[in-house]
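Here is the structure we will look at.
The values are calculated or read from the model by the stated rules, or taken from the named source; none is laboratory data. Computed from a prediction, not measured in an experiment: that's the story for all the values here. Don't worry about glycine lacking a Cβ; one is built from the backbone with ideal geometry, like all the others, and counts go over all protein chains shown. Only protein heavy atoms, including side chains, enter the accessible area calculation; ligands, DNA and RNA are left aside. Shrake-Rupley method; radii C 1.70, N 1.55, O 1.52, S 1.80 Å.
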There are 2 protein chains.
Amino acid sequence: MLNSYSSADKVLLAVDCIIFGFDNQGLKILLIKRDFEPEKGKWSLIGGFLKRDEVLDNAAIRILNTYTGLNDIYMEQLYAYSEIDRDPVERTISVSYYALINIENHNAEMIKNYHAQWFSIAEAPDLIFDHNEMLQHAIRRLRYRTSIKPIGFELLPEKFTMRQLLELYEAILSKELDKRNFISKINSLEILNKLDEKDMQSSRKGSYLYTFNKEKYEEKLLNDFVLNL
Amino acid sequence: MLNSYSSADKVLLAVDCIIFGFDNQGLKILLIKRDFEPEKGKWSLIGGFLKRDEVLDNAAIRILNTYTGLNDIYMEQLYAYSEIDRDPVERTISVSYYALINIENHNAEMIKNYHAQWFSIAEAPDLIFDHNEMLQHAIRRLRYRTSIKPIGFELLPEKFTMRQLLELYEAILSKELDKRNFISKINSLEILNKLDEKDMQSSRKGSYLYTFNKEKYEEKLLNDFVLNL
DNA sequence: TTTATTAATGTAGTTTTTACACTTAAATAA
DNA sequence: TTATTTAAGTGTAAAAACTACATTAATAAA
């Protein structure tokens, strides 16, 4: 029995991660300053090469973990980029993944060590290779996903206020949402737990904190519900 | 300057195509009977390997053309599959593409020569490797896409009746649609041209033929319209 | 000319979405 | 202690979208 397709050409496979985060200043992305050639000193997505005995999903997880120390992160494969000269060093096909993380939780030390930095989506610098295209593609997919299932919870701290949730969605969709309509829509989904606890940072009155109810959410997902914001 | 990432592992990259077609018996898929090992004699998606100086999109186009003789076909990249042993011969990552074609137009000769065959979606045989998964994934994506933009026109002959269009959508979405509501929704999109010509095959009265108005469609696409069927 | 067959067409009831403004709670300052 | 300030919390009416549904029209064949 055959044990190789000897005539076919092999190529390098890279994985690039578009890492989204959110804080009170809006939607952000994690970029790294390259400290090697080519394009040394320019900003880039976080990436690496697929290893011989590694599955793409695991490569993405490994790369994310290397730079942020995080595990158990929501990631989704996006697209394979294959322009001949996309990487000037050598023919490389790159599969992109996007991740959503809570900015508060990651390991700030590690990020510093790698010269990584958070940028507002709107103020992201020019990136190497085809990484600008990857980023735009990821933003589009994030918007899309968000309008279908309420994926964005991954970007918030465990306990959050309705205002935070609202602002997250406004940041992702980059449009203003009506506060009352938003709250009643979210409530009608019945995927949040309202706590007795209040957040007293943002106002004198204080605002109730919520947690995301993953069980109820999974249950709902089966009937592929649509969230129309 | 660096001219290779010498430490990294190279892999084989395959492209597999999920080719959808439609005729008056419903939604179909084009499969090929493998005439080489491994899995000789089993059914498989149509595929091939990426060449050294080829972009993935072109590989998909080349493969589709090889088996059907068709050009200028709607294709969309779907997903990269990378399980370690997905191909028992050798580590291979496969990027899937799906295509929509009009069954009437393809080269029936070529298909015969390659032992390729059309199967109803519902009656597709068991496939090699992870091709079943690819197929299911593609069906899901096709449904999804269809519910967002009226992609399905690619599957019909140039001139078609409202009934054909309705049946196509019913086949893709695998649910019954209300004829009147469907027609008025399609009409409200204003992306069809109603011809003076009638199709007299299906009834005594005859039914008007339509063509798809690509210009108007592109125009609409800019305001990312949603088609809710 | 009657019959049979599929095409074509409109509306009323229901549900969903949108737009919109005042009251409440609590801390701080007077 | 009272007044002031700040953001939180809440409901409704109008508009739009969606759903369900049945009759008439055109033509070919008998």
| query | Does residue A:82 qualify as being within 7 Å of chain B (Cβ to nearest Cβ), open to solvent by less than 40 Å² (accessible area, probe 1.4 Å) and closer than 20 Å to residue A:140 by Cβ? | reply | yes
| said: Being within 14 Å of chain B (Cβ to nearest Cβ), within 14 Å of DNA strand C (Cβ to nearest atom) and in a helix (DSSP H, G or I) is true for just one of A:147, A:184. Which residue is that? | reply: A:147
| Do the conditions hold for residue B:160, that is, is it surrounded by 16 or more Cβ atoms within 10 Å (Cβ to Cβ), at pLDDT below 95 and either over 30 Å from residue B:35 (Cβ atoms) or charged (D, E, K, R) (or both)? | no
| task | Return the residue satisfying two criteria in turn: it lies in segment A:104-124 and is over 17 Å from residue A:45 (Cβ atoms) and within 15 Å of the chain's Cα centre (by Cα), and of such residues it is surrounded by the most Cβ atoms within 10 Å (Cβ to Cβ). | result | A:105
| request: Go through A:91, A:52, A:34 for me and flag whichever is facing chain B (nearest Cβ under 8 Å), basic (Lys, Arg) and surrounded by fewer than 17 Cβ atoms within 10 Å (Cβ to Cβ). | output: A:52
| note | For strands (runs of 3 or more DSSP E) lying entirely in segment A:1-97, having 1 or more residues that are polar (S, T, N, Q) picks out A:74-81
| query | Does residue A:200 fit the bill of being within 16 Å of DNA strand C (Cβ to nearest atom) and either surrounded by 12 or more Cβ atoms within 10 Å (Cβ to Cβ) or within 15 Å of the chain's Cα centre (by Cα) (or both)? | reply | no
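Given the residues B:161, B:146, which is the only one that is hydroxyl-bearing (Ser, Thr, Tyr), in contact with a strand residue (DSSP E or B) (Cβ under 7 Å, 6 or more places away or on another chain) and within 21 Å of residue B:26 (Cα to Cα)? Before the answer, list the steps.
On the way: B:146 fails: in contact with a strand residue (DSSP E or B) (Cβ under 7 Å, 6 or more places away or on another chain).
Selected residue: B:161, the only one of B:161, B:146 that is hydroxyl-bearing (Ser, Thr, Tyr), in contact with a strand residue (DSSP E or B) (Cβ under 7 Å, 6 or more places away or on another chain) and within 21 Å of residue B:26 (Cα to Cα).
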| note | Screening A:179, A:175 for residues that are more than 10 Å from DNA strand D (Cβ to nearest atom), closer than 24 Å to residue A:143 by Cβ and either assigned by TED's automatic domain parsing to the domain that holds residue A:23 or open to solvent by 50 Å² or more (accessible area, probe 1.4 Å) (or both) leaves only A:175
| message | If residue A:202 satisfies all but one of (1) within 11 Å of DNA strand D (Cβ to nearest atom); (2) more than 23 Å from residue A:28 (Cα to Cα); (3) more than 14 Å from chain B (Cβ to nearest Cβ); (4) not hydrophobic (A, V, I, L, M, F, W, C), what's the number of the condition it fails? | response | (2)
| Can you find a residue in segment B:21-28 that is surrounded by 11 or more Cβ atoms within 10 Å (Cβ to Cβ) and within 14 Å of another protein chain (Cβ to nearest Cβ)? | no
| Only one of (1) away from DNA strand D (no atom under 12 Å from the Cβ); (2) out of contact with any Asp or Glu (no Cβ under 8 Å at 6 or more places or on another chain); (3) closer than 23 Å to residue B:147 by Cα is not met by residue B:195, so which one is it? | (3)
